[in-house]
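Asks: This is the structure I want to talk about, given as structure tokens.
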Amino acid sequence: MLKGKKIVLGITGSIAAYKACLIIRGLVKAGAEVQVVITPAGKEFITPITLSALTHKPVISEFFAQRDGTWNSHVDLGLWADAMLIAPCTASTLGKMANGIADNMLITTYLSMKAPVFIAPAMDLDMYKHPSTQENMQRLVSFGNHIIEPASGFLASGLEGKGRMEEPERIVAILEESLGEAPSKMRGSSCLEKAWQNHALQESMEAQKAWQNHAQQESPEGGMRGKKVLITAGPTYEKIDPVRFIGNYSSGKMGFALAEECAQRGAEVTLVAGPVSMECSEAIHRIDVESCEEMYQAATAAFKESDAAILCAAVADFRPEQQAKEKIKRETHPQPLPTGKGESGLTLRLVPNPDIAAALGKMKTEKQVLVGFALETNDEEVNAKKKLEKKNLDFIVLNSLQNKGTCFQSDENQISIISKEGQRDYEKKSKQAVARDIVDEIEKRVKG
């Protein structure tokens, strides 16, 4: 859909500016011609030389290119382009666009643009939630612009929340989808844009607060609206004594990304979380647990009322048969080791934990969707397919420790979705993007 298209890419002063390189690469790979317009602040985060090398065009930043009367025509750019994309777009630029403050080349180009304009905000969570930012976005949508909603995740401030610019591959995909539609269909096409248009005339502080609550809860028109979804996430810890446990490296990032994605699509989410340090949005009902037994009890109780369940937690298969009430001391367990050096050791007897996936598979009705995860180190597809059948899953998400930079502690993942209908392999991408792929598959299966 982008072959031969002319795209003006506006870049503003955000740490997310480095992602513009990936956006350019995606657009050029799809056959588009890209012209970068960058604000002075944007050049503090990424150099015009880098951008020019990727686009094979000089980067435009100032009104006047030289001191000999040569100038950059924002009017010509507005006529040349098939679309304008501003990514990342800061809160400052959003405000200038909404109020017509034409103090730099990017804003004057926007004001002259005849083609559709797509805006990908990037800022800290409190800035994004602020009523002034939300009002500026309302106004821009009422002008016919398209907001590419930011994702929730780890932000440059060190906080977790909404404001992280959407991933480059998703932004490129949105342009591909949108530019293939008729202009009349493009305006207000997303659920969130419709919601903004409905609220465009709200002026009082009470209305601003209502809009802020709406923004935090996401659009009520999501594809999972009204569905109840159970998600397990993170590790479980099986106590050896009051200070030691058996556990694993799971951070919970994949499960939390799935919970946020389902909530954004309108689902009522129950998140059963093992011991992790992550935070989730207030719209999600979170149950914190530690052991497999606690997760089992919470999951089996919640599943009875659920339309779908995603078992993403890395649950310990075994636990110590006995838990010491006091810290185990080295000298109190003189069990000789077969080293011949007089060394002593400690023997732990492990017993199986409850199988949460198998239990929910037995409970599952025809109206429920059950999704499992498989992390394998060998015979990956064979083992995943066995688990799919044995646990009565609708599909299973396979990931592998052989894919470096994915799985435990990582911000990225690379998966395959395996079902009775077949297998689909995906590229390595952010866990937020992986969550969208998984929830897309659930939407196809969940009953109306």
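The values are calculated or read from the model by the stated rules, or taken from the named source; none is laboratory data. A quick note: this is a predicted structure, and the numbers were derived from the prediction, not measured. Backbone-built Cβ (ideal geometry, glycine too); neighbour counts: all protein chains shown. In case anyone asks, the SASA skips ligands and DNA or RNA and just uses the protein heavy atoms, side chains included. Shrake-Rupley method; radii C 1.70, N 1.55, O 1.52, S 1.80 Å.
Asks: Pairs under 7 Å by beta carbon, first residue touching a residue at least 40 places away in the same chain (Cβ under 8 Å) and within 15 Å of GLU261 (Cα to Cα) in the stretch 275-295, partner of a type in the set (Ser, Thr, Tyr) and open to solvent by less than 80 Å² (accessible area, probe 1.4 Å), six or more apart or different chains?
Replies: Partner pairs satisfying both residue conditions: SER281/SER152.
Asks: Given the criterion at pLDDT 90 or above and either in contact with a strand residue (DSSP E or B) (Cβ under 9 Å, 6 or more places away or on another chain) or of a type in the set (D, E, K, R) (or both), identify the matching residue among LEU94, LEU77.
Replies: Working: LEU77 fails: at pLDDT 90 or above.
On inspection, the qualifying residue turns out to be LEU94.
Asks: I'm checking my understanding of the structure. Among residues of the stretch 129-184 that are over 16 Å from SER430 (Cβ atoms), assigned to a helix (DSSP H, G or I) and among the acidic types (Asp, Glu), which one is least open to solvent (accessible area, probe 1.4 Å)?
Replies: Per the stated criteria, the residue is GLU176.
Asks: Please specify each residue of the stretch 256-269 satisfying the condition of being buried (at least 24 other Cβ atoms within 10 Å of the Cβ) and either assigned to a strand (DSSP E or B) or hydrophobic (A, V, I, L, M, F, W, C) (or both).
Replies: Hits for the stretch 256-269 are PHE256, ALA257, LEU258, ALA259, CYS262, ALA263, ALA267, VAL269.
Asks: Sort out which residues of the stretch 333-351 are under 28 Å from GLU293 (Cβ atoms), open to solvent by less than 80 Å² (accessible area, probe 1.4 Å) and at pLDDT below 85, and write them in order of number.
Replies: HIS333, GLN335, GLY345, listed by residue number.
Asks: Looking at this structure, is ALA374 at pLDDT below 95, touching a strand residue (DSSP E or B) at 6+ places or on another chain (Cβ under 9 Å) and part of a helix (DSSP H, G or I)?
Replies: No: the conditions fail for ALA374.
Asks: Let me ask something additional. Within the set of pairs 6+ apart or on separate chains, which have a first residue in the stretch 410-425 that is surrounded by fewer than 16 Cβ atoms within 10 Å (Cβ to Cβ), a second that is modelled with pLDDT of 90 or more and hydroxyl-bearing (Ser, Thr, Tyr), and C-beta atoms under 6 Å apart?
Replies: As it stands, the answer is GLN423/SER416; ASP425/SER416, since those pairs meet every condition given.
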